[in-house]
Amino acid sequence: MAGDESVTAGAVHRGIGMTSERTRARLIQRLEEAGIRMPELLETMRMLPRHLFVDEALASRAYEDSALPIGHGQTISQPYTVARMTQALIEQRRPDTVLEIGTGSGFQTAVLASLVRRVYSVERVDELLERAQSRLRLLKFRNIRFRHGDGSLGWPEYAPFGGILVTAAPRGVPRNLAEQLAPGGIMVLPIGEGDAQVLLRVTRSEAGFEHEVLEPVSFVPLVAGVS
Ligand code: SAH
């Protein structure tokens with residue numbers, strides 16, 4: 001049953017999936033214990049039907065706090081990681097527009113689009129992008145613009161952005177992305193290779209860029225070009 005489109009969009013949006021309220025409540029409690037504090041973010045994580053963002057065969061595991069495969073060697077990020085990155089991006093100041101690099105399943109996109117006015121999301125794998133787009137359409141999101149392309153170039157036509165969130169790891173901070181941050185804007189991204197990755201928060205101030213290392217993470221690499 002999970003993840004099929006016979007569930008009406010309205011029911012889906014209210015979070016009536018195959019998974020019991022209790023399973024979701026457990027996940028939210030876990031996020032709170034791990035330091036996720038923004039009530040609106042926790043509520044968004046509780047309401048979004050994550051089982052619609054994975055293959056039906058994996059739907060029963062959608063409310064575990066783990067990353068799951070989504071094809072093309074990519075993964076949907078762990079719920080904790082999605083919440084942690086979102087909180088780091090918006091806790092100090094809520095950006096009006098956010099550029100997301102690495103749409104993947106579209107789950108992080110949905111979290112962002114629930115919390116900010118407009119989201120721009122770039123994905124290099126066409127098939128993943130198509131699937132994410134149709135899920136987000138089913139869920140009635142209307143404030144997301146998608147692009148098939150190499151996200152390391154950003155999206156200059158819509159720059160500058162109040163926030164940038166990157167969900168695949170480059171070796172260092174991509175200059176194109178940093179330059180597309182508005183003054184006072186914040187970028188959250190993983191950087192580094194293998195097991196030496198960290199989550200970084202970059203804030204653009206008048207004096208330049210401030211860097212803050214948040215915690216160790218594990219992401220797929222940011223890959224140049226499209227497929
Ligand atoms: N937030 C997503 C994470 C997906 S994994 C989710 O939770 O589902 C990272 C994604 O980044 C993959 O879909 C991968 O194809 C994409 N990606 C990797 N390099 C990229 C690049 N240069 N530009 C755009 N997307 C890229």
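The values are calculated or read from the model by the stated rules, or taken from the named source; none is laboratory data. Note that this is a predicted model, so its numbers are computed, not measured. All Cβ positions, even for glycine, are placed from backbone atoms using ideal geometry, and neighbour counts span all protein chains on display. Quick note on the areas: whole protein, heavy atoms, side chains included, nothing else; ligands and nucleic acids left out. Shrake-Rupley method; radii C 1.70, N 1.55, O 1.52, S 1.80 Å.
Annotations for the structure displayed:
- Under the simplified labelling scheme, the Arg37-Gln78 pair shows an inter-label distance of 2.1 nm, with each label point 7 Å from Cα along Cα→Cβ.
- Where labels lie 7 Å past Cα in the beta-carbon direction, separation of Ser66 and Val213 in nm: 2.9 nm
- If only the Cβ of Lys and Arg carry +1 and only the Cβ of Asp and Glu carry -1, the dipole of the chain around its Cα centre is close to 580 debye.
- 5 angstrom amide H check on Ala182, placed H, neighbours 5+ away: Phe161, Gly162
- Cut-off of 10 Å, at most 14 other beta carbons, DSSP loop: longest stretch of the chain lacking such GluC sites (Glu not before Pro): 92-192
- Extension gain for Leu153-Glu206 works out to 16.8 nm (0.36 nm per residue, less the C-alpha to C-alpha distance).
- Each residue of the range 191-204 was assigned a 3J(HN,Hα) from its phi angle through the Karplus expression (A = 6.51, B = -1.76, C = 1.60, θ = phi - 60°), giving 9, x, 10, x, 8, 10, 8, 10, 8, 10, 10, 10, 10, 8 Hz with x at Gly and Pro.
- Total formal charge among the other residues, if their Cβ is under 14 angstrom from that of Ala168, Lys/Arg +1 and Asp/Glu -1: -2
- Measuring nothing but how far apart in sequence close Cα pairs (under 8 Å, 6+ apart) lie, relative to its length, the range 103-227 scores a relative contact order of 21 percent.
- Near the amide H of Val217, within less than 5 Å, lie the amide hydrogens of Gln197, Val198, Leu199, all on another chain or at least 5 residues away, with H placed in the peptide plane.
- Within the chain, DSSP assigns beta bridges of which about 45% are antiparallel (rounded to the nearest 5).
- Cα gyration tensor shape for the range 179-227, rounded if a/c is under 1.5, else prolate or oblate: oblate
- Percentage relative contact order, the chain, counting C-alpha pairs under 8 Å, at least six apart: 15 percent
- Among Ser152, Ser77, Ser66, residue whose mean-square fluctuation peaks in a GNM of the chain (springs only between Cα atoms under 10 Å): Ser66
- Surface accessible to a 1.4 Å probe, per residue, for the residues of the chain, Å²: 47 Å²
- Computed [θ] at 222 nm, deg cm²/dmol, the chain (DSSP H ≥ 4; -39,500 (n - 2.57); rounded to nearest 500): -8500 deg cm²/dmol
- Shape call, the range 133-227: gyration tensor on alpha carbons, a/c limit 1.5: oblate
- Cα→Cβ-extended label distance, 7 Å offset, between Val173 and Ser134, nm: 3.9 nm
- Per-residue extension of 0.36 nm, minus the Cα-Cα distance of Val198 and Ala224, leaves a gain of 7.3 nm for this segment.
- Centroid-to-centroid separation of the range 75-140 and the range 36-65 [C-alpha atoms, Å]: 13 Å
- Percent accessible area from carbon and sulfur atoms, the range 171-227, protein chains only, probe 1.4 Å: 52 percent
- The chain: C-alpha gyration tensor shape, a/c 1.5 cut-off, then a/b vs b/c: prolate
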